[in-house]
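First up is the structure itself, then whatever we jot down about it.
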Amino acid sequence: MPISTHWTPAHGAPYRPVPYRPERMPAEESLARAAELRRLMDRRRTVRQFSADPVPEQAVRDAIACAATAPSGAHQQPWTFILVKDPEVRRRIRAAAEEEERRSYAGRLGEEWLAALRPLGTDEVKPHLTDAPALIVVFRQRYWLGADGSKRKHYYVDESVGIAVGMLLSALHLSGLAALVHTPSPMRFLSEVLGRPANENAFAVIPVGYPAADCQVPDLVRKSLDQVLVEV
Ligand code: IYR
């Protein structure tokens, strides 16, 4: 599964800025949009029970394109998104993920971690990996390869990919699609199943779809703004 586009980093190129003059949004409009986004984002829930109904695929591609607008360390964009629709590949990912998760839940996580997860009701059975009509497997590019095949550094890879995933989740949610950030551990099997190169390793598997008709979510309470914001 080769990457379809060739990317040449701007490494070492001189600074040649271009003008940036976005039209200023009136404050009232900013306030109205921010309040509406806050309301909409607060309705996002992580979903673990998906309907098998198909999703509009272009909406998923557009959400990935949104994610790929994320800022990144040295603008190196150290991410690859694999959109897995093939049911057989999803089955293989599920089988391998459940094998790892069985070991995790049977003891590898430890009592403290299991206690933290208890209110979420998670276990080693991962039907979302085959029920959801699409999986986005996000890979981080730990380094890039120079023309001579040498390993060249990427900077702030986890931060960059984390920001991109946040933007992906927002875009999916605001497009009416449900998602889950699933991090089977260890995730090496994803490189094997998806045939990814040695400079990449998996960051998360994100099933995307609609909630099942009988979907349930844990009764979580979010921290209030006062609890997360300090103004000085
Ligand atoms: N990867 C396991 C365990 C798990 C860990 C965390 I931290 C979570 O927020 C949720 C689950 C699993 O997917 O079940």
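The values are calculated or read from the model by the stated rules, or taken from the named source; none is laboratory data. Keep in mind that what you see is a predicted model, and the values were worked out from it rather than measured. Don't worry about glycine lacking a Cβ; one is built from the backbone with ideal geometry, like all the others, and counts go over all protein chains shown. Please note that ligands, DNA and RNA were not included when accessible areas were found on the heavy atoms of the full protein model with its side chains. Shrake-Rupley method; radii C 1.70, N 1.55, O 1.52, S 1.80 Å.
What list of ³J(HN,Hα) values in whole Hz, one per residue of region 192-197 in order, does the Karplus curve 6.51 cos²θ - 1.76 cosθ + 1.60 (θ = phi - 60°) give from phi, with Gly and Pro shown as x?
Running phi through 6.51 cos²θ - 1.76 cosθ + 1.60 with θ = phi - 60° gives 5, 4, 9, x, 7, x Hz.
Explain nothing, just the number: dipole magnitude of region 1-74 about its Cα centre with +1 on each Lys and Arg Cβ and -1 on each Asp and Glu Cβ, in debye rounded to the nearest 20.
240 debye
What dipole magnitude, in Debye to the nearest 20, does the chain give about its Cα centre under +1 on Lys/Arg Cβ and -1 on Asp/Glu Cβ?
520 debye
Shape of the chain from its Cα gyration tensor (a ≥ b ≥ c, root eigenvalues): rounded if a/c is under 1.5, otherwise prolate when a/b > b/c, or oblate?
Working: a/c = 1.61, a/b = 1.10, b/c = 1.47.
Judged from the Cα gyration tensor, the chain comes out oblate (a/c at least 1.5, b/c at or above a/b).
Quick one: length gained pulling Met25 to Leu37 fully straight, 0.36 nm per residue minus the C-alpha distance?
Between Met25 and Leu37, full extension yields 2.8 nm more.
So for the chain, taking the charge dipole from beta-carbon charges (+1 Lys/Arg, -1 Asp/Glu), which of Ser170, Pro9, Gly110 sits furthest toward the positive end?
Result: Pro9, furthest along the dipole toward the positive end.
Restricting to the chain, compute how many DSSP beta bridges are antiparallel as a %, nearest 5.
95 percent
May I ask which residue of Pro54, Ala70, Met41 lies farthest towards the positive end of the charge dipole of region 37-82, with charges of +1 (Lys, Arg) and -1 (Asp, Glu) on Cβ and the Cα centre as origin?
Met41
Pop out the ³J(HN,Hα) list for region 136-151 in order, Karplus 6.51 cos²θ - 1.76 cosθ + 1.60 with θ = phi - 60°, rounded to Hz; leave Gly and Pro as x.
So the Karplus estimates, Gly and Pro as x, are 9, 9, 9, 10, 9, 8, 5, 7, 10, 10, x, 4, 8, x, 6, 7 Hz.
Using the Kirkwood radius over Cα pairs, work out the Stokes-Einstein diffusion coefficient for region 90-207 at 20 °C and 1.002 mPa s, in µm²/s as a whole number.
It diffuses with D of about 135 µm²/s by this estimate.
Return the lysines within reach of Lys126: Cα separation strictly under 19 angstrom, same-chain partners fewer than 8 residues apart disregarded; answer none if there are no such residues.
Output for Lys126: Lys85.
Which aspartates and glutamates, on any chain, are close to Lys153 with Cα under 18 Å apart, when same-chain ones fewer than 8 places away are left out?
Glu200
In deg cm²/dmol, rounded to 500, what helix-only [θ] at 222 nm does the chain give when every DSSP H run of at least 4 residues adds -39500 (n - 2.57) and the total is split over its residues?
So the calculated ellipticity at 222 nm is -10500 deg cm²/dmol.
What accessible surface, in Å², does a 1.4 Å probe find on Val230, ignoring ligands, DNA and RNA and rounding to the nearest 10?
120 Å²
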